[in-house]
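Below: the structure, in C-alpha cells.
We did not get these values from a lab; they are worked out from the coordinates using the rules stated. Note that the structure is a prediction, hence the values are computed from the model and not measured. Using ideal geometry, Cβ is built from the backbone for each residue, glycine included, and neighbour counts are taken over all protein chains shown.
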Amino acid sequence: MSLPSPLELLDQLESEAPAELEDCTSPEELEDYRVKYLGRSGMLRQILSSIGEIPSEQRPQVGKRANALKQKLSKKFEQKQGKVSSSSGSEEGAPPFDPTLPGRVNSRGSKHPLNLALERIVEIFERMGYTTVEGPEIETDFYNFEALNIPADHPARDMHDTLYLEDGRLLRTHTSPVQVHVMEAEKPPLQIIAPGRTFRRDAADMSHSPVFHQVEGLWVDRQATFADLKGTLELFVHRFFGPETRLRFRPSYFPFTEPSAEVDIQFEEAGGEWLEILGAGMVDPEVFKAVGYDTDRWQGFAFGMGVERLAMLKYGIDNLQLFYENDLRFLNQF
Ligand code: PHE
C-alpha cells in the first residue's frame, strides 16, 4: 500500500476539516484544531513542504489548491473563534452573551406629586421669611376648637366632621391648632408655616379623603395688616401657579379670623371658572387672648390651604384618590 499522494491528502483535508471545526465547542478544542491543521507543523504545512517530492508538473496544481484551502480554513477558523470565545466565561448551558443586546435600564423613582407641591409651597414661604414648624396630629378639643374661638356649641364645628379617639382626644381637623401651640411657646413677632396631615370623617371620593394635607400660615407683628395678607397670598399664587394667574378675595367666615376671606383663582382650562384654594383672615383677638398675647400691641393674619387641592389644580389631576393609590403609571408622570 503506497502513501497517499498530496492531492489525495488535500481531498481528505477538504472534506474532513470543516466538519471537525463545526464540532469544536471550547477554546481548548479550537486550539487543538488549529495546531492540527493550520499550525507550523500542521497538515497543510506538511503538504506544502512535501511539494518538492512530487512530480514537477503536479506542483503548481497542488500549491494552488493547498493555498486556497489554507485561506478557506483560516477564514472559517476565525469565524468560529469569534463565536466560541464570546460564549466562554458564561455559565455552562447558559445562552451565549450577546453584546449587541440593549442594556437594562435602571428604573428611577420620582417624587410624589403631593410632596412636589408641598416642597414648592414651603420653598415659596421660606423665601418670604417664614419658618417651617410642625404640630401633633392627635389634638385635644382645646387646641383644635376652643382656643380657636370654636366653643362646644358653635355651629362651625359642623364644618369639621371630627374623628375622635376613645380617650376624648381627636385627630386634628385642620392645621390651625399649630398656631396655638406656636403662640403658647413663642413670644411675638413670629412668622411661621405649618404643613401637615389633617383628618375628617369624610368618605373617600373624587374630591374627599379622610386624610389630607394642609399648610397653615401665621404672621404676628406690630403692623401685619390685611394688605400684607393680600400681598403675601398674591405673591404665593403667582409663584405657585404662574404670574398670569388671576385671584380674588371673597368675604367668608372663620371663628378664629376677623375679617375672613376665601381666595379663588381663575382657571382658563376650566372655562374661566373660579376655584377656591384657601381660607384666610386677620387673627381674631379671642385667639390672641387664649394664648396670652396683648391685643393692643400685636396683630396678624393667618391662612390655611389644602395641598391636595393645590396639587390637583397645578398638575391637572381630576381625582383625589390618585394621590393615594400608588399606581406607578400615575406616579411616574411627575
Ligand atoms: N383652618 C381653616 C380650614 O381648615 C382654614 C383657615 C386657616 C382659615 C387659617 C383662616 C385662617 O378650613
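Farthest toward the dipole's positive end in the chain, which of Pro210, Leu275, Phe145, given Cβ charges of +1 (Lys, Arg) and -1 (Asp, Glu) about the Cα centre?
Of the options given, the answer is Leu275.
Restricting to Cα pairs below 8 Å that are 6+ residues apart, what does the relative contact order work out to for segment 203-313? Please round to a whole percent. Don't jump to the answer; show the numbers that get you there.
Numbers: 177 pairs, mean separation 36.6, N = 111.
Relative contact order for segment 203-313 comes out at 33 percent.
Hey, if you drop one equal point scatterer on each alpha-carbon of segment 212-304 and run the Debye formula without solvent, what base-10 log of I(q)/I(0) do you get at q = 0.15 Å⁻¹?
Reported log10 I(q)/I(0), two decimals: -0.60.
Output ³J(HN,Hα) for segment 201-206: one whole-Hz value per residue in order, computed from phi by the Karplus curve 6.51 cos²θ - 1.76 cosθ + 1.60 with θ = phi - 60°, and x for Gly and Pro.
Per-residue couplings from phi come out as 7, 10, 6, 6, 8, 4 Hz.
I need the phi-derived Karplus couplings for segment 145-151: 6.51 cos²θ - 1.76 cosθ + 1.60, θ = phi - 60°, integer Hz, Gly and Pro marked x.
Each residue of segment 145-151 in turn: 10, 3, 5, 9, 6, 10, x Hz.
Which of rounded, prolate or oblate describes segment 113-331 when judged by the alpha-carbon gyration tensor and an a/c cut-off of 1.5? Show your work: numbers first, answer last.
On the way: a/c = 1.71, a/b = 1.21, b/c = 1.42.
Verdict is oblate for segment 113-331.
To the nearest 0.05, how large is the calculated FRET efficiency for Glu186 and Arg250 if R₀ is 30 Å and r is the Cβ-Cβ distance? Each step should come with its number before you reach the end.
Numbers: r = 31 Å, r/R0 = 1.05.
After rounding, the FRET efficiency stands at 0.45.
Along Cα→Cβ, 7 Å out, is where each label goes; now give me the distance between the ones at Lys314 and Glu268 in nm to one decimal.
2.0 nm
Ser110 to Asp205: extension gain in nm, 0.36 nm per residue of separation minus the Cα-Cα distance?
On the way: separation 95, 0.36 × 95 = 34.20 nm, distance 2.51 nm.
Extra length from Ser110 to Asp205 when fully extended: 31.7 nm.
Of the GluC sites (Glu not before Pro) in segment 216-245, which ones lie in a loop per DSSP and count no more than 12 other C-beta atoms within 10 Å?
In loop regions of segment 216-245 (DSSP not H, G, I, E or B), the sparsely surrounded GluC sites (Glu not before Pro) are Glu244.
Measuring from a point 7 Å past the Cα of Glu325 along Cα-to-C-beta, which residues in segment 111-152 have an amide N at less than 16 Å?
Of the residues in segment 111-152, 113-114 have backbone N under 16 Å from the label point off Glu325.
May I ask you to compute the full-extension gain from Glu22 to Ile51, defined as 0.36 nm times their residue separation minus their alpha-carbon distance, rounded to one decimal in nm?
On the way: separation 29, 0.36 × 29 = 10.44 nm, distance 2.89 nm.
Between Glu22 and Ile51, full extension yields an extra 7.6 nm.
With an 8 Å Cα cut-off and a minimum separation of 6 or more residues, compute the relative contact order for segment 125-277 in percent.
Once normalised by length, the contact order is 19 percent.
List every residue whose amide H lies under 5 Å from the amide H of Asp161, counting only residues 5 or more places away in sequence or on a different chain, with H placed 1.01 Å from N in the peptide plane.
Arg201
Put +1 on the Cβ of every Lys and Arg and -1 on every Asp and Glu Cβ in the chain; which of Phe240, Leu114, Gln12 then has its Cα farthest towards the positive end of the dipole?
Going by the Cα projections, it comes out as Gln12.
Tell me what the chain gives for mean residue ellipticity at 222 nm when only DSSP H runs of n ≥ 4 count, each as -39,500 (n - 2.57), the sum divided by the residue total, rounded to 500 deg cm²/dmol. Could you put the intermediate results ahead of the total?
Values: 12 runs with 129 residues, N = 334.
It comes out at -11500 deg cm²/dmol, rounded to the nearest 500.
What FRET efficiency, computed as 1/(1 + (r/R0)^6) with R0 = 22 Å and r the Cβ-Cβ distance, is obtained for Glu29 and Lys72, rounded to the nearest 0.05?
Calculated value: 0.65.
What size of dipole, in debye to the nearest 20, comes out for segment 113-331 about its Cα centre when the only charges are +1 on Lys and Arg C-beta atoms and -1 on Asp and Glu C-beta atoms? Intermediate values should be presented prior to the final figure.
Numbers: 20 positive and 37 negative charges, 101 e Å.
Dipole magnitude for segment 113-331 comes out near 480 debye.
Hey, what do the phi angles of segment 162-179 turn into as Karplus ³J(HN,Hα) couplings, whole Hz, using 6.51/-1.76/1.60 and θ = phi - 60°, x for Gly and Pro?
Computed from phi, the couplings for segment 162-179 are 8, 9, 9, 8, 5, 7, x, 6, 9, 8, 3, 8, 7, 8, 4, x, 5, 3 Hz.
Only counting other Cβ atoms within 10 Å, I'd like Ser74, Ser41 sorted with the fewest neighbours first.
Working: Ser74 14, Ser41 9.
Ascending number of Cβ neighbours within 10 Å: Ser41, Ser74.
Tell me the net charge near Met305. Cut-off is 11 Å between Cβ atoms, Met305 excluded, with +1 for each Lys or Arg and -1 for each Asp or Glu. Kindly include the intermediate steps, with their values, before the conclusion.
Numbers: positive: Arg309; negative: Glu216, Glu262, Glu276, Glu308.
Neighbour charge sum, excluding Met305 itself: -3.
Give me Thr140, Thr232, Thr100 ranked fewest to most by other Cβ atoms within 10 Å of their Cβ, as a rough exposure proxy.
Details: Thr140 16, Thr232 21, Thr100 4.
Ranking Thr140, Thr232, Thr100 by Cβ neighbours within 10 Å, fewest first, gives Thr100, Thr140, Thr232.
Would you grab the residues whose amide H sits under 5 Å from the one on Arg246? Only those 5+ places off in sequence or on another chain, please, with H modelled 1.01 Å from N.
It is Gln266, by chain and number.
Give the distance, in whole Å, between the Cα centre of segment 1-67 and the Cα centre of segment 200-277.
Using only Cα atoms, the two centres lie 92 Å from each other.
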